[in-house]
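Peer 1: Please see the structure below; I have some questions.
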Amino acid sequence: MKRRLILSAGLAAPFLAAGTAHAQTTDRAAVQRVEAYLNTLRTLRARFLQVAQNGASAQGTALISRPGRMRFDYDPPEPLLLVASGGQVLMYDRELRQPTAVPASSTPLGLLLTPQIRLSGDITVVGTDRTGGFLRIGLHRTGARAEGLLTLAFAEQPMELRQWTVLDAQARETRVTLYEVETGIALDNRLFDFNDPRFLEAESTRR
C-alpha cells in the first residue's frame, strides 16, 4: 500500500517542497541568491524523509551530482529506486524488476538538472516566503504549470537546500525533507548510469 501511495505522487515526487504555492510577493534578491547557490552546488548526499498528503511516509538516501544526475534510494521494505541521468528519469521497482523511464524535461525535476539554472525565462517564480526559519521559493516551468508546482526550501545561514514539495495537477502534495546533508563529496558516476546493462542487474540484488 505504501508503494501505491508513493507512486501516485508521480515520478518527480522525491525532487520537490511546499509552502509558497500561493505566495503573492517575490524577493528578487533572494531569488538571485538561490540561483547562485544552485549553480555552485555540485554534489550532495543526504538522508530524506518523504511524506505524502495522506500521511504515508518513506525514508532513504538522496544523491545529487550536478549537472544532470540525481538518485533516490528508498529504504526497505520499499523497493523503489529513482535515478535521473542523461535527460531521463528512471523509476525501478527492485521487487518486480520493472523499470519505467520518462524524459526529465516532462517533470518538475528537470528544473534542477540543467547545467545552468536560471530562475527566469523558462522558469516562472510564483513567490518567495520566509517562515519557520526557511526561505521558500515556489516555481514551475513557464507555460507548463500543469506539470506541477515545485517549492524549494533553504536554510539561509549558510544557504543550504533542506526541503522540497510537489503540488501536482490534482492538488496532491508530497514533501521531502533532507537531513544529515553533506556537500562537495566524491560520487561515482556509475551510481547514476542506468543505461549500462549491468546497472539494473546489480540493483535487483540490493534489497
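Values quoted throughout were computed directly from the atomic coordinates according to the rules given, and no laboratory measurement underlies them. Keep in mind that what you see is a predicted model, and the values were worked out from it rather than measured. Ideal geometry is used to build each Cβ from the backbone, glycine not excepted, and the neighbour counts take in all protein chains shown.
Peer 1: All other residues with a Cβ under 10 Å from the Cβ of Ala30 taken together, and with Lys, Arg as +1 and Asp, Glu as -1, what is their net charge? All intermediate terms of the calculation are to be shown ahead of the outcome.
Peer 2: Details: positive: Arg28, Arg33, Arg130, Arg136; negative: Asp27, Glu35, Asp129, Glu156.
Net charge around Ala30: 0.
Peer 1: Just to confirm a number: summing +1 for Lys and Arg and -1 for Asp and Glu over residues other than Ser65 whose beta-carbon lies under 14 angstrom from that of Ser65, what do you get? Mind dumping the intermediate values first?
Peer 2: Working: positive: Arg42, Arg45, Arg66, Arg69, Arg71, Arg190; negative: Asp73, Glu182, Asp188, Asp193.
Surrounding charge for Ser65 is +2.
Peer 1: When the Kirkwood radius is taken over all Cα pairs of segment 67-176, what Stokes-Einstein diffusion coefficient follows at 4 °C and 1.567 mPa s, in µm²/s?
Peer 2: Values: Rh = 15.2 Å.
Translational diffusion coefficient: 85 µm²/s.
Peer 1: Averaged over every viewing direction, what's the projected area of the C-alpha convex hull for segment 2-202? Give it in nm², one decimal, please.
Peer 2: Values: hull surface 42.6 nm².
It is 10.7 nm².
Peer 1: Hey, another quick one. Give, as a single signed number, the net charge of other residues whose beta carbon lies under 13 Å from the beta carbon of Leu49, with Lys and Arg counted +1 and Asp and Glu -1.
Peer 2: On the way: positive: Arg47, Arg162, Arg175; negative: Asp75, Glu78, Glu180.
So the surrounding residues net to 0.
Peer 1: Sort 32-42, 79-89 for me by packing, meaning the mean count of neighbouring Cβ atoms within 10 Å per residue, highest on top. Don't jump to the answer; show the numbers that get you there.
Peer 2: On the way: 32-42: 16.0, 79-89: 20.1.
In descending order of packing, they fall as 79-89, 32-42.
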